[in-house]
């Protein structure tokens, strides 16, 4: 093996690796992972991460890089003298996102090209009306028979169906009770006319005792 390669490996272990490890260890975090449950109607949530400089040198937080455009950060204090603390606030914007979202925030100190810490923000967006599947379709190879969609409600917020809207002139729909509770059932769906193309939507709306509403859509596609 060439001598230059040996020298390069030695340089990595003796110089770069200790530097990276020391930079990571001088920052002490109260947590590096936060789990947040969104409430119906919320469009934005946030989580705080507190950090302390445990080194004997002044450090500067140069950048916080997010893995998702849905999450941005606010740095409370960039320059930290020995023993000083700061707060990094992660702010998540829901937009049209559904279910669980995981954002990562990479922390960079001035003078470092590698991140010294990664903060995790896990957001659970409640699905008040859940449909499985949310898309049903027929094409030439598939059997001309009804499709079943399972519907379940998040009973923390909604407990009854307010409406199920669909085009009765093109779609045949039947509700089938599968449990002893009205918050979980099947919808059996099929085109009325299997000889014509079809693109329709079933809209389901549920409501809870506090007036909270949830909606879901089932997309129907048929290509003869």
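Every number in this text was worked out from the coordinates using simple rules, so none of it is lab data. In this text, all values refer to a predicted model and were calculated from it rather than measured experimentally. Methodologically, a virtual Cβ is constructed for each residue, glycine included, from the backbone with ideal geometry; neighbour enumeration extends over all protein chains shown.
Descriptive notes on the structure:
- The convex hull defined by the C-alpha atoms of the range 44-163 has an orientation-averaged projected area of 12.2 nm².
- Histogrammed with a bin width of 5 Å, the alpha carbon distances of the range 120-224 distribute as 2, 12, 22, 21, 16, 12, 8, 5, 2, 0, 0 percent, first bin at zero.
- Exposure proxy order (Cβ contacts within 10 Å, fewest to most) of 51, 135: 135, 51
- Normalised by the number of residues in the range 26-125, the mean separation of alpha-carbon contacts (under 8 Å, six or more apart) gives a relative contact order of 33 percent.
- Restricting attention to the range 26-125, close to 85% of DSSP beta bridges with both partner residues there are antiparallel.
- Here is how the number arises for the chain: DSSP H runs of 4 or more residues each give -39500 (n - 2.57), the sum is divided by the residue count, and the result at 222 nm is -2500 deg cm²/dmol.
- Where a label projected 7 Å from the Cα of residue 144 along Cα→Cβ would reach, residues of the range 182-202 with amide N under 20 Å: 188-200
- Ranking of 194, 108 by neighbouring Cβ atoms within 10 Å, starting from the fewest: 194, 108.
- Sorting 49, 166 by the number of Cβ atoms found within 10 Å of their own Cβ, with the fewest placed first, yields 166, 49.
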